[in-house]
Amino acid sequence: MRAAVFDSRSNKPGNWVSIEDLPRPQPQSGEVLLKVMACGVCRTDLHIVEGDLPPIRPRIVPGHQIVGEVVAGAIPGLPLGTRAGVSWMGGVDGDCWFCSHDMENLCDHPVFTGYSVNGGYAEYASVRADFAIPLPAGLDDSHVAPLLCAGIITFAPSGKVVVSALSALRKGGVVAINAIHLDQMPAFDYDKLLWGERQIRSVANMTRQDARDFLALAKDLNFRPRVVPFSLEDSNKALEAVKHETEDGSAVIVL
Ligand SMILES: [Zn+2]
Ligand SMILES: [Zn+2]
């Protein structure tokens, strides 16, 4: 299969991934094989290929907003042909303190799609069946892909933006930061910006239920994000577009 591979040992800026011919993954027990139709390109992917996030594996296929069709490893909830989505959260251990308290989004041993396991910049992806979410009809592949990110709200990963968001907050409001990587936050004035029970907090990940709820809502509201399609061969261009924010819409690799 064709796949875009990031190799942390031979990485060149702007030429982060190379298109390679890889063996089609074999679904292991508990996994389904998806034939990928679309995969959103997220700022987190850029943090991975630029080394802001340290590599977990020397070589990885990025991509964690996967829309695909089940072609092997089908289970009752995911029969062959089901269209399913996979997000950044590709699995949890199920038995840490957080998992056993309904906070799997904070799991101590998570699997990250496109970071700790291969993701969706590829023709096929083998993913944990219990983290593949059947997608509602009515939202087409490329438009549903950007909705699958853990960070449904895009937030520029700059400390300065956090401070300006704080200054726009009413009393008791919360600035939620979902950037996975944030540069330094400048010093700010406590009396003006934080007094009045304003809060700054981070948002790490969503739970599977959050994803299901959100997708159902997106369907009901007929929510269609603006997307800019790229071919798999143009994965570097897609990453470049995210880096420089040159496109008016979410970059999506369409296969
Ligand atoms: Zn856990
Ligand atoms: Zn993301």
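Inspect all residues belonging to segment 218-235 and state whether any of them is at pLDDT below 85, among the aliphatic types (A, V, I, L, M) and assigned to a helix (DSSP H, G or I). Write out each step before concluding.
The first filter runs over segment 218-235 and keeps only residues at pLDDT below 85, leaving 218-225.
Those left that are additionally among the aliphatic types (A, V, I, L, M): 218, 221.
Remaining after also requiring assigned to a helix (DSSP H, G or I): 218.
Checked segment 218-235: at least one residue is at pLDDT below 85, among the aliphatic types (A, V, I, L, M) and assigned to a helix (DSSP H, G or I).
Looking at segment 58-73, which of its residues are closer than 28 Å to residue 135 by Cβ and more than 14 Å from the chain's Cα centre (by Cα)?
First, the residues of segment 58-73 that are closer than 28 Å to residue 135 by Cβ: 60-73.
Those that are closer than 28 Å to residue 135 by Cβ and more than 14 Å from the chain's Cα centre (by Cα): 60, 68, 69, 70, 71, 72, 73.
The values are calculated or read from the model by the stated rules, or taken from the named source; none is laboratory data. From a predicted model like this one, the values you see are computed outputs, not experimental measurements. Glycine gets a Cβ as well: all are built from the backbone with ideal geometry, and neighbour counts include every protein chain shown.
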